[in-house]
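Below is one structure; the comments refer to it alone.
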Amino acid sequence: MSVRHASFTLQSDRRPTFDDVTPQVEEALAASGITNGILLVYSQHTTCSVLIQEASDDVDYWGTELLMQDLVTVLEALAPTCRTEGQYRHPGPKHIVAAAGRDELPSWSLNTDAHLRSVILGRSQAVPVVDGAMILGEFGRIYFADFDQVRARERTVRVQVVGE
Amino acid sequence: MSVRHASFTLQSDRRPTFDDVTPQVEEALAASGITNGILLVYSQHTTCSVLIQEASDDVDYWGTELLMQDLVTVLEALAPTCRTEGQYRHPGPKHIVAAAGRDELPSWSLNTDAHLRSVILGRSQAVPVVDGAMILGEFGRIYFADFDQVRARERTVRVQVVGE
Amino acid sequence: MSVRHASFTLQSDRRPTFDDVTPQVEEALAASGITNGILLVYSQHTTCSVLIQEASDDVDYWGTELLMQDLVTVLEALAPTCRTEGQYRHPGPKHIVAAAGRDELPSWSLNTDAHLRSVILGRSQAVPVVDGAMILGEFGRIYFADFDQVRARERTVRVQVVGE
């Protein structure tokens with residue numbers, strides 16, 4: 001039995017992004033040498049999620065897969081994009097002071113919608129690894145979602161594999 | 001330490017189904033010989049979820065547990081059942097062509113609501129295994145949910161156990 | 001490779017509570033002696049969830065972090081607090097009889113909103129452990145959420161670590 005860790009980065013946009021990271025995760029699994037176990041794809045960012053979804057084939061004008069755009073539409077009704085200060089209770093004054101201490105602009109904290117959307121979708125996906133491959137079925141793909149709409153950022157995706 | 005994999009199938013319906021699979025999962029755990037570790041119950045289908053919920057005791061005329069019917073009601077408001085082509089952006093024309101190449105009818109792709117509902121609920125549940133038993137508390141049961149309403153299907157449930 | 005289990009309790013309230021349990025989980029990890037692997041923080045209660053979220057700094061008059069209050073507001077629209085018997089289909093008559101057999105008051109079962117909210121948010125969080133520490137990024141904190149609004153209770157939080 002062993003444990004292997006890998007990570008890689010990707011660049012997000014100032015709109016919700018959904019990166020199919022299946023190839024990078026498969027590469028990490030192959031490099032781990034583990035053929036049976038549990039693989040965890042994990043977001044250390046609290047405005048991001050990891051999802052398993054069917055590939056949509058079609059994309060919209062922005063390059064977003066249509067099924068993911070439908071997801072954004074549903075989430076928009078549930079936790080609307082933060083367009084005005086005070087729309088949500090967070091961020092409050094102490095949070096803005098703390099953010100300033102990290103050299104963050106106050107407006108960067110107006111991403112409450114992303115915090116809410118991402119915690120509903122979840123931070124990670126665990127996948128069974130059997131005979132050297134992830135069990136993803138005929139259609140499953142692993143996506144890294146970034147819901148933060150206040151700034152484009154480099155994001156880190158974590159892969160942890162436990163098995164033999 | 002060892003890793004054990006098991007799977008079993010069930011038959012879904014053309015309405016949301018919630019199968020209590022706790023007995024099958026317990027059987028897979030017992031057969032694994034693992035007494036301490038992490039057990040993952042996993043859906044390889046992207047219109048299905050695995051949930052842990054209290055048993056409802058009462059069922060409606062369709063046999064659906066009342067608490068699960070309440071869940072469907074909430075999800076219906078969030079991501080309404082796809083009743084008309086074009087209600088959601090997915091499936092687009094490329095997806096329909098790809099589906100035809102797999103001998104799928106175009107109407108089978110009108111399950112966008114199921115893709116959305118299931119990704120919000122999640123693909124799997126991880127459960128601690130301690131002294132030979134899953135920790136499910138007094139009321140927890142493991143359910144396999146199939147949200148696809150366009151066709152009844154045989155579904156595969158995966159159980160992966162890592163431990164000793 | 002080894003498996004270590006720990007648990008601790010906390011006291012919830014008759015309103016949604018969000019306890020930052022990161023210190024207790026870190027303590028359980030340190031006591032486990034495991035430095036690389038997967039750590040699972042898990043709720044055995046079906047009206048509770050485990051979440052990873054940014055700390056909000058500010059709190060409201062009830063002591064609830066503002067970002068968590070925003071989450072409650074979103075969930076209130078999705079699955080409203082159960083205020084009248086019959087608002088949800090669950091609990092039905094058989095459930096009330098079964099609850100009475102456990103010496104539970106009928107009104108204790110009017111927590112359908114909590115069952116729904118918690119299953120949407122999820123029962124657990126899996127976190128990579130690398131070089132002795134959980135990967136939580138700059139801002140991630142682990143919260144135990146209790147959505148049950150019918151009674152205050154002592155709740156058990158489970159921590160399972162698999163690794164080496």
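Compared with the dominant principal axis of the Cα atoms in chain A, helix A:66-78 is inclined by about 40°.
Considering only B:H45, B:H95, B:H115, the Gaussian network model of chain B with Cα springs below 10 Å gives its largest mean-square fluctuation to B:H95.
Taking every residue in A:51-63 and counting other chain Cβ atoms within 10 Å of its Cβ, the average works out to 5.
Enter the mean number of other protein chain beta carbons within 10 Å of the beta carbon of each residue in B:71-82, as an integer. Counting Cβ atoms of other protein chains within 10 Å of each residue's Cβ and averaging gives 4.
The chain A residue nearest the rotation axis shared with chain B, using its Cβ and rounding the distance to whole Å, is A:M1, 2.
Loop-located GluC sites (Glu not before Pro) across region C:41-115 with a Cβ neighbour count of 15 or fewer within 10 Å are C:E85, C:E104, with loop assigned by DSSP. Close amide H contacts of C:Q44 (hydrogens built in the peptide plane, cut-off under 5 Å, sequence separation of 5 or more or a different chain): C:R158. Quote the FRET efficiency, to the nearest 0.05, computed for A:W108 versus C:D20 with a Förster distance R0 of 30 Å and r equal to the Cβ-Cβ distance. The pair A:W108/C:D20 has a calculated efficiency of 0.85. Taking the Cα atoms only, what angle lies between the long axis of helix A:22-32 and the longest principal axis of chain A, rounded to 10 degrees? Between helix and principal axis, roughly 50 degrees. The distance between label points at C:E164 and A:D60 comes to 4.6 nm (points 7 Å beyond Cα on the Cα→Cβ vector).
Along chain B, the longest continuous region that contains none of the trypsin sites (Lys or Arg not before Pro) in a DSSP loop with at most 10 other C-beta atoms within 10 Å is B:1-82. Position C:R151: other-copy label points at 4.8, 4.8 nm, ordered by increasing distance, label point 7 Å along Cα→C-beta. Mean partner shielding of peptide A:152-161, defined as the number of other chain Cβ atoms within 10 Å of each residue Cβ, is 2. Dipole magnitude for region A:47-164: computed about the Cα centre from +1 point charges on Lys and Arg Cβ and -1 point charges on Asp and Glu Cβ, it is near 760 debye.
Sequentially through region C:3-8, phi angles give Karplus couplings (6.51, -1.76, 1.60; θ = phi - 60°) of 10, 10, 10, 9, 8, 8 Hz, Gly and Pro residues having no value and appearing as x.
Within region C:1-100, the proportion of C-alpha pairs whose separation exceeds 24 Å stands at 44%.
Using a label point 7 angstrom from Cα along Cα-to-C-beta, what distances in nm, from shortest up, separate A:E138 from the other copies? Its label point is 4.5, 4.5 nm from the equivalent points in the other copies. Centre-to-centre, using Cα atoms only, region B:103-152 and region A:2-42 are separated by 23 Å. Note that region B:109-114 has calculated 3J(HN,Hα) couplings of 7, 7, 10, 4, 4, 5 Hz, one per residue in order, obtained from phi through the Karplus relation 6.51 cos²θ - 1.76 cosθ + 1.60 (θ = phi - 60°); glycine and proline are x. Relative to the other identical copies, B:A6 shows label-point distances of 3.1, 3.1 nm, where the label point lies 7 Å from Cα along the Cβ direction and values run shortest first. A simple spin-label model places the labels of A:T73 and A:F139 1.7 nm from each other, with each point 7 Å out along Cα-to-Cβ. For chymotrypsin sites (Phe, Trp or Tyr not before Pro), the sites in region C:1-88 that DSSP calls loop and that have at most 15 other Cβ atoms within 10 Å are C:Y61, C:W62.
Since every read-out is calculated from the coordinates, none of them should be taken as a lab result. None of the values given here were measured: they were computed from a predicted structure. Here the Cβ is made from the backbone with ideal geometry for all residues, glycine too, and neighbour counts use every protein chain on show.
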